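Worksheet: one structure, shown below.
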Amino acid sequence: MRLLPDTHLLLWAAFDPDKVPSKAESLLNDLGNDLFFSAASIWEVAIKTARGQAEFQVNAARLRMGLLANGYAEIPVTGAHGAAVAALPMLHKDPFDRLLVAQAGAEGLVLLTSDKILAAYPGSILHV
């Protein structure tokens, strides 16, 4: 399976593994799965860290390097991804999460999330 964890799952996996739901942990540790992260997640972390949001006090560059070192492949943000956001229903207000949904659909990835609202989008989204 080709998996794209949302930003919170990436942060938990990297810095607070006890918060990773067991279903997500099994999928992330399965060597048969291909793991990806979005450049949008790194951007989200950088912006929210700069704003002082408590759950985002992370060095974005360090997070990116750690993900790459642990076998994750980076998905860049393209204009096609941005345009695909327009076709999504307005279920979720967070633009970063909406972009992840669009990227997963465009790239044939399964989006992993523990966010029930995000999981309500159509497409390959797995609520963990």
Practice task
Looking only at the stretch 55-73, count how many residues are part of a loop (DSSP other than H, G, I, E, B) and aliphatic (A, V, I, L, M).
Solution key: 1
Fill in the blank from the handout: Listed by first then second residue, the pairs whose first member lies in the stretch 8-23 and is under 12 Å from residue 56 (Cα atoms), whose partner is of a type in the set (Phe, Trp, Tyr) and modelled with pLDDT of 95 or more, with beta carbons under 7 Å and at least 6 positions apart or on separate chains, are 10/37
Practice task
For residue 119, state whether it is at pLDDT 95 or above and at negative phi.
Solution key: no
Practice task
Please verify whether the stretch 46-54 includes one or more residues that are touching a residue at least 24 places away in the same chain (Cβ under 8 Å), out of contact with any strand residue (DSSP E or B) (no Cβ under 8 Å at 6 or more places or on another chain), not β-branched (Val, Ile, Thr) and not in a strand (DSSP E or B).
Solution key: no
Practice task
Tell me, yes or no, whether the stretch 79-96 has at least one residue that is under 12 Å from residue 37 (Cα atoms) and either touching a helix residue (DSSP H, G or I) at 6+ places or on another chain (Cβ under 8 Å) or of a type in the set (Gly, Ala, Ser) (or both).
Solution key: no
Handout entry: Meets criteria (hydrophobic (A, V, I, L, M, F, W, C) and surrounded by fewer than 18 Cβ atoms within 10 Å (Cβ to Cβ)) for residue 60
Key = no
Practice task
For residues that are out of contact with any Gly (no Cβ under 9 Å at 6 or more places or on another chain), of a type in the set (A, V, I, L, M), under 19 Å from residue 74 (Cβ atoms) and not in a helix (DSSP H, G or I), tally how many sit in the stretch 1-45.
Solution key: 2
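Residue-by-condition table, conditions (1) under 25 Å from residue 116 (Cβ atoms); (2) touching a His at 6+ places or on another chain (Cβ under 6 Å); (3) among the basic types (Lys, Arg):
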{"residue": "23", "(1), (2), (3)": "yes, no, yes"}
{"residue": "45", "(1), (2), (3)": "yes, no, no"}
{"residue": "70", "(1), (2), (3)": "no, no, no"}
{"residue": "76", "(1), (2), (3)": "no, no, no"}
Exercise for the section: Give 26, 41 a once-over and let me know the one that is surrounded by fewer than 14 Cβ atoms within 10 Å (Cβ to Cβ) and either of a type in the set (Lys, Arg) or on the phi < 0 side of the Ramachandran plot (or both). Expected result: 26
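Being among the acidic types (Asp, Glu) and not in a loop (DSSP other than H, G, I, E, B) is the filter; apply it to the stretch 74-128 and report the residue that is surrounded by the fewest Cβ atoms within 10 Å (Cβ to Cβ). Steps first, please.
Taking the stretch 74-128 first, the residues among the acidic types (Asp, Glu) are 74, 94, 97, 107, 115.
Cutting the leftovers down to not in a loop (DSSP other than H, G, I, E, B) gives us 74, 97, 107.
Working: 74: 13, 97: 23, 107: 16.
Checked the stretch 74-128; the qualifying residue surrounded by the fewest Cβ atoms within 10 Å (Cβ to Cβ) is 74.
Take residue 37 and decide whether it is closer than 25 Å to residue 1 by Cα and either in contact with a Pro (Cβ under 9 Å, 6 or more places away or on another chain) or touching a residue at least 40 places away in the same chain (Cβ under 8 Å) (or both). Working first, answer last.
On the way: closer than 25 Å to residue 1 by Cα: yes; either in contact with a Pro (Cβ under 9 Å, 6 or more places away or on another chain) or touching a residue at least 40 places away in the same chain (Cβ under 8 Å) (or both): yes.
The answer is yes for residue 37.
The values are calculated or read from the model by the stated rules, or taken from the named source; none is laboratory data. Note that the coordinates shown come from a computational prediction; the quantities given were computed from them, not determined experimentally. When we count neighbours, we look across all protein chains shown, and the Cβ atoms used for this are built from the backbone with ideal geometry, even at glycine.
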